[in-house]
Every structure is written in C-alpha cells, then in structure tokens.
Amino acid sequence: MSDEVTLYTNPQSRGRIARWMLEEVGAPYETEVLEYDGSMKAPAYLRINPMGKVPAIVHRGQVVTECAAICAYLAEAFPQACLAPLPEERASYYRWLFFAAGPLESAIIDSKTLGVEPDAQKQKMVGYGSYAQVLDNLSNWLKQHTWITGERFTAADVYVGSQIAWGVQFGTIEKRIEFIDYAKRVTAREAYRRASEKDDALVATTS
C-alpha cells in the first residue's frame, strides 16, 4: 500500500498546520483544495469528514481529522522524522498538545472571537477557567523550556507553535516576550517556511 498521504485543505484554514506537519515529517503527499460552502460540504468530502471541515488526511485508507490528532498521527506514522515523544517526553508532549487543542483554543475563541468572558461562577464549569489563566499557564511553561518537551522540537511544537504564532500575529494571544520568542523559533523552521510558501501560493491563485 502506498505511503502517500492525501491532504484535504484550504490555504486559509487550519489546514496550514497539517501541511506544516507533513513537511516536517517528509511524507509524500498530494493536496486536495476544498472551497468553503462548496466542495467542503459536498457529499464526496462529507464521506471523509462528516463535519465538512478541513483539514483531514487519508493515509493507507485511514482518515484522520483534527489538527492535534493529525500531528500526533503523522509523528508516529513517519518515525524517521523523530518528532514523536521519547519516553521521558511523553508527559509534557501529551499534556501541552491537548492543552492547546482544548483549553487554549476554547479560551481564545470564546474571549477573542465570540466576546464571551465567563464570570467567576461559570469559570468553575468551563474547562479552561479563564483566558488569563490559560495564557499564564502556558507562558510560565515557555519561560522555562525552549520547546514544549524541553530542548527538542517535536510534533507538539507544530500544533502549539501554530496556535501561538497565529495568535501573536493576529492579536488573539497577548504579545508576551515568551510567546513572541517561541513564535520566532517555530516559524524559523525550514519546514514551516516551505509549507507557508505553498499555502501562500494557493491563496494567490484561489482568491
């Protein structure tokens, strides 16, 4: 069975995260660009992802959706890239990978997109507590670590780094020095630059 991955994406979506990860692991892949309210909602794609959202990947007949899951899956599917966690890195790897996919993204969307700030009572109910708590927690970690698991870049940095770099650029994450410095480190990677160039070229041809 071919090891080629099919990436379903749109250059103006979270699909940029999946492409970056594909570039990091060096996986052979083809790109299927979908349009919002068009092919993204068509029956052919809904059979792959019933949510009608991108990104999604298909590898060896298996479908993977959700960016954090795609990053983790590709790290394990292409172990030669050495982006999966070592035994001693697993705790911080999974902790922050899912922290970014859960509390961080939820807090950003609620606070910065929907304008929702839970009061003290509701903070007990939502998984992230408050936007400020989420940023404090993550920034304190990055003050002490070069990368998410310590001194080695892993797939967790692709996902967490995407969230932080995008947030710093567009103002959904406070421009604290630890966030700015971390964003500079992740966006300096060659695979990130290659992925960005490919998606930027697609934006230019599809917009």
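Descriptive notes on the structure:
- Flag if residue 150 is surrounded by fewer than 17 Cβ atoms within 10 Å (Cβ to Cβ), at positive phi and free of Cβ contacts under 8 Å to residues at least 12 places away in the same chain: no
- Hey, residue 111 within 17 Å of residue 133 (Cβ to Cβ) and of a type in the set (Ser, Thr, Tyr) or not: yes
- Residue that is surrounded by the most Cβ atoms within 10 Å (Cβ to Cβ) [pool: residues in segment 181-203 that are within 19 Å of residue 155 (Cα to Cα) and among the charged types (D, E, K, R)]: 189
- Selected residue (criterion: farthest from residue 187 (Cα to Cα)) from residues of segment 29-39 that are surrounded by fewer than 21 Cβ atoms within 10 Å (Cβ to Cβ) and touching a helix residue (DSSP H, G or I) at 6+ places or on another chain (Cβ under 9 Å): 39
- Taken over segment 113-140, the criterion of being part of a helix (DSSP H, G or I) and surrounded by fewer than 17 Cβ atoms within 10 Å (Cβ to Cβ) is satisfied by 113, 122, 123, 124, 132, 133, 136, 137, 140.
- Some residue of segment 170-180 being among the hydrophobic types (A, V, I, L, M, F, W, C), buried (at least 16 other Cβ atoms within 10 Å of the Cβ) and more than 30 Å from residue 87 (Cβ to Cβ): yes
- Test: residue in segment 78-98 that is of a type in the set (D, E, K, R), within 18 Å of residue 163 (Cβ to Cβ) and part of a loop (DSSP other than H, G, I, E, B): no
Every number here is computed from the coordinates shown, using simple stated rules; none is lab data. Only a predicted model underlies this, so the values are computations on that prediction, with no experimental measurement involved. Note: ideal-geometry Cβ built from the backbone for every residue, glycine included; neighbour counts use all protein chains shown.
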